[in-house]
Structures are given as C-alpha cells and as structure tokens.
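These notes are about the structure you will find just below.
Bear in mind that the values in this text are calculations on the coordinates, not laboratory data. Because the structure is predicted, anything quoted here is derived from the model rather than measured. Neighbour counts are summed over all protein chains in view; Cβ atoms, including those assigned to glycine, are modelled from backbone coordinates with ideal geometry.
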Amino acid sequence: MARCWLLLLFWAFLWPAASAVPCHPDDLRALRGFAGDLSGGGVLLRTAWSGASCCSWEGVGCDSASGRVTVLRLPRRGLTGLIPGASLAGLVWLEELFLGLNSFVGVLPDALFGLTRLRKLSLASNELTGQVSSRLGELTRLTLLDLSANRFFGRLPDVFGDLTSLEHLAAHSNGFSGFLPPSLSSLSSLRELNLRNNTLSGPIARVSFSGMPLLASVDFSTNYLTGWLPTSLAGCDELKSLNLANNTLVGTIPSWIGEFDHLWYLNLSNNSFVGEVPKSLLRLKEGLATAGRSSGMVFTNMLLYVNDKRRALNEQPNTITGSNNTVRSGRNNSMSGNDNTVISGDNNAVSGSFNTLVCGDNNVLTGDHHVVSGSNHIVTNSYNKVSGCTNNVSGSHHTVSGSNNAVSGSNNTVSGSNHVVSGSNKIVTDG
C-alpha cells in the first residue's frame, strides 16, 4: 500500500511538469498569425488563445519532449475566410490538422502541401473550391484525407502512388470529374474509400482492388462510372459495405458478390445490370436477417432493379431519411438528411443540407447548400443555387437565375428577368 502511495505522489509531482510544456516561439508566432487572419469565429478563437502557453490552448496539441505543435483541431468553430496558409506553414511539426465543419472558402493554399509531417488532414464540410494540386502527393505520411462536402472540381490528381500509408480517403459530395485515378490501386493500407456524389466517369475497372486486403468500405455511388463489376473486388475479404448505386454499370451480378463473410451493406441499385440475382446473394440476404444484422443492410429491392429498372419503388409517396438517397421520379415525398438527390418529381418536401433537386415543380426546400431547378419552389435559408421560374426565395447568399422569381434577404446574386427583389441583393442583369 505504501508503495502505491509513493507512486501516486511521484506522478503528482511529474504531472504539472508534463502538462506545462513550453510553447516553441515559432509555433506561438504561427498560431497567433493563423487566428489573426480568420473571420467569423476567429474573434472567439483569438480571445481563447491568450497568453504564451500555446500547448495548453484549446484545440492545440504539442509534443511532450520538444514542445512543438503537432495537432491542430478546430472543427465547428464558425471559422470563415481563406485558410491562412502562410501561418500554417510555420507549424513545421504539424501531424494532424482538422478544420472541418467551418466556412472556409477559396482554394487550398500551396503552403499546406509543405507540411510533410502531416498524417491526418480533414477539411470536410467547408466551401473550398478549385482543383486539388498534384502537390498533394508530397504529403506521403497521410493516413487520413477527408476533402468531402466542399466545392472542388476537376480531376482527382493521380498521385496516390505516393500516399501508400492512406487508410481513409473521403472526397465525396464535390464536383470531381473525369476518370478514376489508376494510382488509387496502390493504396495497400486503405480501409475506407468514399468518392460518392461527384461526376466521375469512365470504367470502374481503372481501379484494381486486388492490392487492398484491408478494404472494408467502398462508396462510388451517384457518379457516371461504367463497365462490369470489377473482379478485383472479389479478393477484398474484409469488405463490409459496398455502394455502387446510381451509376451506369452493366453486365450480370457475379456470384462472388454474395460470398463476403463480413458484408452488411450492399447497394447496386439504379444501374443497368441484367439477368437474375445470384443465389449466393439471396442466401447472403437471408443470412443477414437470421443473424439480426438486417438493420444495416439496404437490399434496395434488388430484384426490381435488376429485372425491371423502371419498377423502383418511386411511384408512391415515400418518407426518406438519412444521407445520399436518390429519388429518380415520383411525387409527394418527404426527404430529410444530407446529400440527397431528387432527379424529377413534384410536391416534395426536402430538408437538410447539400441536396440536389434536378427538376420538378411545387417543392418546398429548407436547409442550406441545395442546388435547385424547376419552377414554383419555395426555398429558404442560405447558400442555395436556384434556377427556373416563379420561385419564392428567401434567406441569404443565394444564386438565383430564371424569371418571375420573388427574392428577399441579403447578399443574393440575381440574374434573369421580371424578378421581384427586396433586401440588399446584387442584380446582375435585369429585364
């Protein structure tokens, strides 16, 4: 007992010294510059980051031996403006950078790719734009890269052969286009690959999965990928989730698709497959239900989609929740969640964020970052793109085109003719 008390006293003596790691002056200068360049929540951050002991600041982590900053985690802080690349460049020991769920804009700063010690980089759910530089390949130590839910466009750089430590790669819900980079095949440590909801095209077989023994989750849904299901997937014994819905894949569904021991989610809907569902897949569905794992399994009416694609259950009013759902046609649907797509239909109620309404009439949309076309819609909140006619748009930071729209709020950009506009808005053209 006495020895235990001595150990406790020993650790109590050491703890203050361990927690009071001095902040390196270069890192202190860089962090102050970073906070000083931010808008929005940057005011609160500058208030919170007071004094010179930056290793004790919220969201900052330091190496216990050197006192150098190795971690910067600032999600959901309301930070706005450009990412302060020049200041980040001073954090030369940085290993983890999490700036997701803020409102950063602009392109990725070139200085970011000079942080060659980075292992984890998450910039998800901002408003970043532009093309991703091929300098991404210089971050050779990355194990996690999350660029999802931004406004990036262009081709994914074919540099993944230099990022062979990657375990998690997410770039969904952007505007990436072109073919899949063949260098994705080099990611031998990969566990998660999520590129859904982009405009990627070309053969899915450009990526070989045969060298990814740890791969557990693949989501290529809602793109324009073509070809047969790649046989290289058959060797991914750890696969738990496979979503290839809403592409233009062809051919028959192979029997090996039902032989994954760990699979709990499979979605191949809205493609151009022909033939019957293999018996191995039907047995897999039954086995999942018997094992009580059906709650995670979305079988997506596979027989309907395979034998008669037009018989997808879209003609009845549906209540749809969650993320990355697609309504190809129908009416009177109620949708909530994120990253949903309504390709056509009428009288739908859509709420959440990052939803796309391609065409239709008389829909009610609430939330942010929707893309809307058609007519007679009611759109509220902010950062929506609206085109069509006779829409009622309120909120802020909308981009509106078409004719006969009623626009209120502020910081909206309006083009077209015969609009009724109130608030502090920018009129691009007026008829």
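Taking 7 Å steps out from each Cα toward its Cβ at SER255 and GLU276 produces label points 1.2 nm apart. Taking other residues whose beta carbon is less than 10 angstrom from the beta carbon of VAL159, and scoring Lys, Arg as +1 and Asp, Glu as -1, yields -2.
Expressed per residue, the C-alpha convex hull volume of the range 25-283 stands at 117 Å³.
Using the Cβ of VAL132 as centre and a radius below 12 Å, the other residues enclosed give a net charge of +1, where K and R count +1 and D and E count -1. If you bin all the Cα-Cα distances of the range 36-141 at 10 Å, starting from zero, the percentages per bin are 15, 48, 32, 5.
What length, rounded to one decimal in nm, is gained on full extension from ALA52 through to SER232, with 0.36 nm per residue of separation minus their alpha-carbon distance?
59.4 nm
Over every Cα atom in the range 148-194, the radius of gyration and the widest Cα-Cα span, Dmax, amount to 10.6, 28 Å. Label zone of THR129 (point 7 Å out along Cα→Cβ, amide N under 19 Å): in the range 73-116 this covers 79-85, 101-110. Karplus-based coupling profile of the range 213-220, in residue order and whole Hz: x, 9, 4, 10, 9, 10, 9, 10, with θ = phi - 60° in 6.51 cos²θ - 1.76 cosθ + 1.60 and x standing for Gly or Pro.
Note on the range 36-127: with charges restricted to the Cβ of Lys and Arg (+1) and Asp and Glu (-1), its dipole about the Cα centre is near 160 debye. Among 120-130, 37-47, the peptide with the highest mean count of other Cβ atoms within 10 Å heads the list, and the full ranking is 120-130, 37-47. For PHE179, the shell of other residues with beta-carbons less than 14 Å away shows a net charge of +1, using +1 for Lys and Arg and -1 for Asp and Glu.
Each residue, ASP110 and LEU82, gets one label point 7 Å from its Cα in the Cβ direction; the gap between the two is 1.2 nm. Computed extension gain for SER64 through PHE153, at 0.36 nm per residue and net of the alpha carbon distance, reaches 28.1 nm. Farthest toward the positive end of the dipole of the range 162-242, out of PHE179, ALA216, ALA234, is the Cα of PHE179, where the dipole comes from beta carbon charges about the Cα centre. Dipole check for the range 25-283: with +1 at the C-beta of Lys and Arg, -1 at the C-beta of Asp and Glu, and the Cα centre as origin, the magnitude is about 380 Debye.
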